[in-house]
1. Considering each residue of the stretch 126-147, count those that are part of a helix (DSSP H, G or I) and more than 14 Å from the chain's Cα centre (by Cα), and give that number.
2. Step by step: first the residues of the stretch 37-76, then only those that are in contact with a helix residue (DSSP H, G or I) (Cβ under 7 Å, 6 or more places away or on another chain) and within 24 Å of residue 170 (Cα to Cα), then the one that is surrounded by the fewest Cβ atoms within 10 Å (Cβ to Cβ). Which residue is that?
3. Output the qualifying pairs, or none if there are none: Cβ atoms under 9 angstrom, residues six or more apart or on different chains, first residue in the stretch 154-178 and modelled with pLDDT of 90 or more and buried (at least 16 other Cβ atoms within 10 Å of the Cβ), second residue charged (D, E, K, R) and part of a helix (DSSP H, G or I).
4. Can you tell me which residue in the stretch 208-226 is modelled with the lowest pLDDT, limited to those that are over 17 Å from residue 105 (Cβ atoms) and aliphatic (A, V, I, L, M)?
5. Quick one: what pairs do we get from the stretch 107-127, first residue under 18 Å from residue 207 (Cβ atoms), second hydroxyl-bearing (Ser, Thr, Tyr), C-beta under 7 Å, 6+ apart or different chains?
6. In the set 152, 109, 136, which member is over 23 Å from residue 179 (Cα atoms) and not polar (S, T, N, Q)?
7. Being in contact with a Ser or Thr (Cβ under 7 Å, 6 or more places away or on another chain) and not small (Gly, Ala, Ser) narrows it down to one of 166, 177, so name that one.
8. Any idea how many residues of the stretch 15-36 are crowded, with 16+ Cβ neighbours inside 10 Å, in contact with a helix residue (DSSP H, G or I) (Cβ under 6 Å, 6 or more places away or on another chain) and in contact (Cβ under 8 Å) with a residue 12 or more places away in the chain?
Amino acid sequence: MTARNLHGHVVQLLGQRIVSGELKPGEVLPPEASMAEEMEVSRTSLREAMKVLSAKGLVEARPKVGTRVRDARFWSQLDADVLAWRCSSMPTMDFVEKLSEMREIIEPAAAASAARHRTAVQLKRMQAAFDAMEAAPDPESWTSADLDFHEAILAATQNELLISLFSVIESALSSYFTMSAHTASNFKYSLPQHRMVLSAIRDKDAAAAQKAMLKVIVDTRANLSHKRRSNKAR
């Protein structure tokens, strides 16, 4: 394993332990020598990893104290790694509620903006993603096409900030869409709602696009919440 891969491995390992709560806020990490020995990496790799974790807001080094874990409010919550670690470690419904709320704030407005600004080429991309959803033979294919559909909508806003947001939340959305597809009795249950979003954007009807996208999100949230209640009742 190269030095770069080694420090990347340490970043992943420690990042997951911090975000999952295994390493608590305020906890001082073991001395550098012991950590390097435990993880079987050089001190150089460990230092590089600590720089990355520090930049993400997960740890801070203090003179005469050492490196300690920071409280979650200081974490770069939209960092792709931090978000992925949170998705894999937080309770399922906590993740669903938080991501659903974020989606309800952002995506309906993005759909309205896409309806106003989309080009013919961008509409074609949305249609291709929708067609792939319609033809998907399994939940995995559906999830991939669903991600393409939502990314195409953000791209059609012509807003660089919204477009770049997708790369940040992609891993979270992928987990979310996968959960939804696997918990539904029919993983294509939301196809009609997605069709309404596409139709509204095609017609350049911003209000209808916003309303249709909100319905997609609300229905997905309800599907996951219903599955949770069903499991509890057993």
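1. Quick first cut of the stretch 126-147, residues part of a helix (DSSP H, G or I) only: 126-135, 139-147.
The next check asks that each one be more than 14 Å from the chain's Cα centre (by Cα); those that pass are 126-135, 139-142, 145.
So the count comes out to 15.
2. Applying the filter and picking the extreme gives 76.
3. Within 9 Å, the pairs are 154/107; 155/125; 156/125; 157/116.
4. 224
5. Correct list of pairs: 110/157; 113/157; 114/157; 117/157.
6. 109
7. Values: 166 fails: in contact with a Ser or Thr (Cβ under 7 Å, 6 or more places away or on another chain).
Step by step, each of 166, 177 is checked, and only 177 is in contact with a Ser or Thr (Cβ under 7 Å, 6 or more places away or on another chain) and not small (Gly, Ala, Ser).
8. The total comes to 4.
The values are calculated or read from the model by the stated rules, or taken from the named source; none is laboratory data. Just so it is clear, the model here is predicted, and its values are computed rather than measured. Positions of Cβ are backbone-derived with ideal geometry, glycine not excepted, and every protein chain shown enters the neighbour counts.
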